[in-house]
Each structure stands twice: as structure tokens, then as C-alpha cells.
Amino acid sequence: MSEVRVAAAGDSALVLRLGDTIDVDVNERALRIARELGDRHLAGVRDVVLGYASVTVYFDPLRVEVARLEHDLWELARDEAVRPARQPRRLKITATYGGAQGPDLAEVAAFGRCSEDEVIARHLAREYRVFMVGFLPGFPYLGIVDPRIAIPRRDTPRLSVPAGSIGIAGSQTGIYPVQSPGGWRLIGHTRETLFRAERDSPALLQPGDLVRFVRP
Amino acid sequence: MSDIVTVRAGLLTTVQDGGRWGQQHHGVPVSGGMDPFSMRLVNLLAGNADDEATLEVTLQGPELRFERDAIAVIGGADLSAVVATGGTIQRVSLWRPFRVPSGASLRFGERRSLARAYVAVSGGLDVPAVLGSRAASAPAQLPGLAGRALRVGDVLPIGNRATSEPIGVRLSHAVIPPAPIAGRAAVRFIWGPDEELFSPGDRATFARAEYRVAIASNRMGYRLDGPPVHARGGGGQLLSEATPIGSIQVPPLGQPILLMADRQTTGGYPRIGTVISADLGVAGQLAPGETIAFVPCDVEEAVKALREQERALVELGASR
């Protein structure tokens with residue numbers, strides 16, 4: 001594993017980096033550290049945000065002693081036993097593939113030198129971990145995609161990707177919760193609502209969840 | 001209750017408060033005022049809590065008809081605000097509480113300085129809070145005015161959340177942030193978190209350069225035109241992680257982007273530096289076509305500058 005480090009991101013955020021690869025174990029450690037920090041409700045801490053291999057803590061520098069917070073982050077990074085593993089939630093997302101709502105399916109097939117049906121079969125075959133939620137409200141970063149269909153993102157992002165679009169970007173797959181610009185290769189679509197502000201937990205998917213795509 | 005009615009919406013008028021903190025792990029942007037210091041200052045002057053909902057008025061202001069008496073304060077950009085009552089038109093001074101009688105209109109005119117004016121109404125704006133905040137976040141597409149700018153016909157109820165009487169003091173010039181000369185601003189930044197990916201030469205270039213805020217800039221971020229800088233390894237993507245306000249990220253083509261209030265919660269571009277909290281308001285007052293220079297400083301200086309701003313606000317709050 002690569003070197004653990006703590007870096008300042010300006011005067012009001014510290015980022016703890018545990019590695020530089022998309023890795024389930026590293027992400028699980030980061031997730032547990034993020035949960036532990038969140039549950040401590042430290043005075044002056046505004047937000048705790050999980051990355052693939054990082055935890056960023058936002059704080060008020062007039063209320064939090066940064067050296068102390070940095071010390072806490074190092075302690076948590078060293079503590080192999082930080083918080084017990086949770087039983088992951090398992091969810092199914094109903095997806096349709098190809099057609100107007102999956103316009104890049106043929107390109108992914110060409111990339112993988114296989115048929116469109118095989119792209120779909122390979123995307124359906126894996127259970128994906130939600131590594132993080134970010135970019136847009138409720139957008140799940142899922143992985144790890146079968147290398148055969150792990151096509152890089154488009155050079156030029158589309159100006160508008162419809163809500164519910166399922167895309168691939170390298171070893172990641174994700175779902176656009178709302179219409180937005182986006183560069184991921186679109187292979188399918190779901191009618192699931194990924195984010196609803198009125199819900200108790202507004203994002204449908206949370207880090208650590210295990211997701212399987214299924215056909216209707 | 002129709003307390004304030006939008007007669008004209010202006011170029012981009014949004015409800016903004018201290019921001020939607022604590023929701024970033026769901027991917028919800030923080031949003032909030034682009035010039036947080038001015039926003040807090042007008043709130044305190046109006047007798048509100050400093051993070052109360054205000055209107056952020058961009059470059060060309062709206063016309064707002066008041067259907068009940070109200071006390072308001074405008075600060076930040078000077079957009080030539082007036083109160084029109086019947087046939088009389090009265091100019092509004094910045095940073096001073098003024099009365100808007102029922103039936104009168106608040107209008108804006110020519111831009112004299114800066115880009116964003118903040119309108120605090122004593123009692124606050126009583127639009128529905130979404131996920132703990134009234135701040136508008138267009139990219140998040142949240143419900144109602146939490147997801148969009150003001151439109152003609154929108155109604156803004158006035159709240160009753162004032163915590164004190166408005167403050168009728170004349171502010172010292174030490175408190176009011178100075179406007180940059182001829183649209184040229186300088187802000188301080190702290191290197192990193194990815195500064196080691198940039199060569200010493202590129203770092204020197206960045207800290208010497210003046211960048212122009214491109215037309216394709218908005219509340220999410222400013223695209224900056226100027227000398228390119230390149231992260232080692234072609235500036236490829238890093239693992240996505242949290243992107244604080246003020247982050248200066250550098251995509252592969254080398255033109256930096258300064259992330260602002262509506263930024264997405266996470267991103268994967270290398271970040272050469274981060275603008276200090278005390279100077280975010282200076283950046284937030286820039287319009288496309290104006291220029292920004294980045295001056296390195298350390299965390300100690302950043303916290304000291306923030307503490308001085310905070311002291312000014314606390315003293316003001318204590319004076320009421």
C-alpha cells in the first residue's frame with residue numbers, strides 16, 4: 001500500500017489519503033474512519049467527505065486547533081481496528097441497456113472486441129461496491145468494472161446527460177441522478193430515483209452498499 | 001402571504017445563506033453566498049443572525065415590490081439601488097439599514113463596483129429550507145427556490161427571525177472590504193494539496209501570473225485564462241476526493257479552474273492551491289473579463305486574516 005499522508009486543502013480542510021488506487025480494502029478503511037469522525041460530532045467540524053481512498057474533514061479554523069485534528073487523523077489512520085465492519089446493504093437496480101438511452105453501447109462493444117450482448121452480460125455479472133457518493137446529489141461511484149468493458153470516459157463531455165443514465169468511466173460505473181453535463185460512456189438507463197431531498201436519507205445509495213444491476 | 005413580489009428577476013438573483021453544510025456525503029453541494037463576508041455583514045446590520053437567508057444579486061439587479069413595510073440592508077456590489085415610492089425615488093446607501101414602505105419597489109441600476117450585491121431583509125426570507133438551508137443550488141436541482149434563480153412572479157415571504165434591532169451605525173472603512181481597482185483582484189492562497197505534482201517552474205509561473213475570469217464562469221467555478229501550468233504525468237485524473245471552495249484545480253489542458261460556492265462535492269483533477277477563507281469574498285466579487293492574481297501565504301497568515309474579519313463581525317454584533 002502506498003504511503004499514508006495528511007495534507008492541508010486550504011485553511012479549513014484536511015485530507016487524509018490512505019492510498020492512490022481504487023481498492024476495496026483501502027476504501028473500507030476510509031469509510032470507517034469517515035463514519036467514526038462523523039459520529040464524534042467534534043465542535044467546529046462542518047463536514048466529513050469520503051473519497052475513493054481519502055477522508056476530507058471540513059472545519060472552522062477559529063474553533064478547531066488544526067494540529068490536534070491532524071493528530072486525530074493520524075491516530076485513526078494507524079488504528080487498524082477503527083470501528084467494526086457493518087454488514088453491507090445489498091440493493092438491486094433495474095436497468096435497461098442500449099437504444100436511445102444507452103447510446104455508447106456499440107462503442108463499448110468495439111472497445112471490448114465483443115458483442116453488445118456480451119457488454120451487457122459483463123456489466124450485469126458483477127456486484128458493485130458504492131465507493132463514494134459525490135459529483136451530483138446521490139451520484140454513486142460504483143466499481144470495479146470488468147476490465148474488458150472498462151472504457152475510458154469521452155474526451156469531450158456531453159452537454160446534457162438524461163437523469164437515470166448508467167455510464168462507465170474506466171473501472172467505474174455510475175448512475176446520473178439528475179440531468180447534467182457528463183463524460184461517462186452511456187450504456188443503459190434506470191427509472192430508480194437516486195436522490196430525493198424530502199427523504200430521510202436523501203441519497204438512495206450509500207458508501208459501502210453492494211449493488212447489482214438486474215433486467216426488468 | 002405575499003410580502004415581496006418579483007417584478008423583474010434580474011440577471012441572476014438567488015436566495016443564499018451560510019450554505020448547506022453536512023450534506024456533502026450525499027453529493028449535495030454547499031452553495032451559499034459567493035462573498036460570505038458581505039453576506040454576513042448585511043445580515044448583522046439588518047438585525048439578523050449572520051447566516052440568515054439573503055438575496056444575492058448579480059450584476060443586473062431585479063425589481064422587487066414590497067407588500068408590507070420592511071427594513072433592508074444592501075452591501076457588497078454597488079448596483080445603484082433605489083427605493084421607488086409613488087413618484088419619488090430615493091437612492092440607497094450601502095451598508096445602512098433603510099425602510100421600504102408597503103407598496104414601494106426596490107430597483108437596481110448601473111453597476112458601479114463589484115459583481116454581487118447582498119440584500120438582507122430584517123427578519124430574513126421565509127422561503128422553505130431544504131436539507132437545512134435556504135441556499136439556492138442550481139446544479140443540485142433541489143425543489144423550489146433552493147434549486148433555481150428568482151423568476152418573475154416569485155414571492156418571498158419575510159420571516160420573523162430577526163434577533164435584534166437593525167444597526168444604524170456608520171461602518172468604518174476598516175470593516176468594509178475595499179473594491180479592487182479596475183477589476184484587478186489579488187487573493188491569497190495556500191499551496192496544495194497536490195502542489196508536488198507541479199514543477200518549481202510551473203509553481204513560480206502560477207504565483208506570478210494574472211488570470212482572466214473567462215465568460216464560461218459561474219457560481220460553480222471560474223475558468224481562468226492565462227499562463228497554463230501542467231501537473232506531472234500529463235495532469236491525468238487522480239482518485240476523486242472532496243473539493244473545498246477556493247480549490248484551484250488544473251485539468252489536463254493546463255488552464256486552472258477556481259471552484260466556487262456551487263462547486264460539485266468531489267473531483268479528480270490535481271489542485272495546485274486553495275484560496276484562503278478570508279479572501280473568498282474578493283474572488284466572489286469578480287465578473288467575467290476581470291482578472292485575478294494568486295499570492296502564496298501560509299496557514300498562520302490565513303487564520304490570522306480570518307480572525308481579524310471575525311473580530312470585526314463580532315464587535316458589530318456586540319454593538320447592538
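The values are calculated or read from the model by the stated rules, or taken from the named source; none is laboratory data. Keep in mind that what you see is a predicted model, and the values were worked out from it rather than measured. FYI the Cβ positions are ideal-geometry reconstructions off the backbone, even for glycines, and counts take in every protein chain you see.
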(message) Looking at the range B:125-150, I want the residues that are closer than 14 Å to A:Val178 by Cα and have a partner that is among the aromatic types (Phe, Trp, Tyr) with Cβ atoms under 8 Å, at least 6 apart or on another chain. Which pairs are those?
(response) none
(message) Which of the numbered conditions does A:Val64 fail, given that it passes all the others? Conditions: (1) free of Cβ contacts under 8 Å to residues at least 24 places away in the same chain; (2) within 12 Å of chain B (Cβ to nearest Cβ); (3) outside any loop (DSSP other than H, G, I, E, B).
(response) (3)
(request) Determine whether A:Pro152 is surrounded by 18 or more Cβ atoms within 10 Å (Cβ to Cβ) and within 10 Å of chain B (Cβ to nearest Cβ). (result) no
(message) Just to be sure before I move on: is A:Arg86 within 30 Å of A:Thr190 (Cα to Cα), more than 13 Å from chain B (Cβ to nearest Cβ) and modelled with pLDDT under 95 in the structure I sent?
(response) yes
(message) Out of the residues in the range B:49-63 meeting the condition of being surrounded by 24 or more Cβ atoms within 10 Å (Cβ to Cβ) and of a type in the set (Gly, Ala, Ser), tell me which one is nearest to B:Arg8 (Cα to Cα).
(response) B:Gly61
(request) Could you please find all residues in the range A:68-95 being surrounded by fewer than 13 Cβ atoms within 10 Å (Cβ to Cβ) and of a type in the set (Val, Ile, Thr)? (result) A:Thr94
(request) Would you tally the residues in the range A:20-56 being under 22 Å from B:Gly268 (Cα atoms), more than 9 Å from chain B (Cβ to nearest Cβ) and among the β-branched types (Val, Ile, Thr)? (result) 3
(request) Among the residues of the range B:77-88, count how many are surrounded by 13 or more Cβ atoms within 10 Å (Cβ to Cβ) and over 20 Å from B:Ser38 (Cα atoms). (result) 3
(request) Name, by its number, the condition in (1) of a type outside the set (Val, Ile, Thr); (2) within 30 Å of B:Leu44 (Cα to Cα); (3) in contact (Cβ under 8 Å) with a residue 24 or more places away in the chain; (4) within 12 Å of chain A (Cβ to nearest Cβ) that does not hold for B:Ala261. (result) (4)
(request) Would you mind finding the one in A:Val130, A:Val178 that is closer than 28 Å to B:Ser31 by Cβ, out of contact with any helix residue (DSSP H, G or I) (no Cβ under 6 Å at 6 or more places or on another chain), in contact (Cβ under 8 Å) with a residue 12 or more places away in the chain and crowded, with 22+ Cβ neighbours inside 10 Å? (result) A:Val130
(request) Take the range B:227-278 and flag every residue that is among the hydrophobic types (A, V, I, L, M, F, W, C), over 21 Å from B:Ala216 (Cβ atoms) and not in a loop (DSSP other than H, G, I, E, B). (result) B:Ala231, B:Ala242, B:Ala278
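A quick yes/no check of all residues on (1) closer than 26 Å to A:Ala110 by Cβ; (2) not aliphatic (A, V, I, L, M):
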residue: A:Pro140; (1), (2): no, yes
residue: A:Gly170; (1), (2): yes, yes
residue: A:Ile175; (1), (2): yes, no
residue: A:Pro181; (1), (2): yes, yes
residue: A:Leu205; (1), (2): no, no
(request) Could you please let me know if B:Arg91 is touching a residue at least 40 places away in the same chain (Cβ under 8 Å) and either at positive phi or charged (D, E, K, R) (or both)? (result) no
(request) Report, by residue number, each residue of the range B:1-37 that is away from chain A (no Cβ under 14 Å) and touching a helix residue (DSSP H, G or I) at 6+ places or on another chain (Cβ under 6 Å). (result) B:Val15, B:Gly33, B:Met34, B:Asp35
(request) Being among the acidic types (Asp, Glu) and more than 10 Å from chain B (Cβ to nearest Cβ) is the filter here, so list the residues in the range A:159-216 that pass it. (result) A:Glu192, A:Asp200, A:Asp209
(message) What's the total number of residues in the range B:90-139 that are part of a strand (DSSP E or B), more than 30 Å from B:Gln23 (Cα to Cα) and polar (S, T, N, Q)?
(response) 3
(request) Please tell me if B:Gly317 is away from chain A (no Cβ under 12 Å) and small (Gly, Ala, Ser). (result) yes
(request) Among what's in the range A:23-48 and is of a type in the set (Asp, Glu) and outside any strand (DSSP E or B), pick the residue that is nearest to A:Asp72 (Cα to Cα). (result) A:Glu36
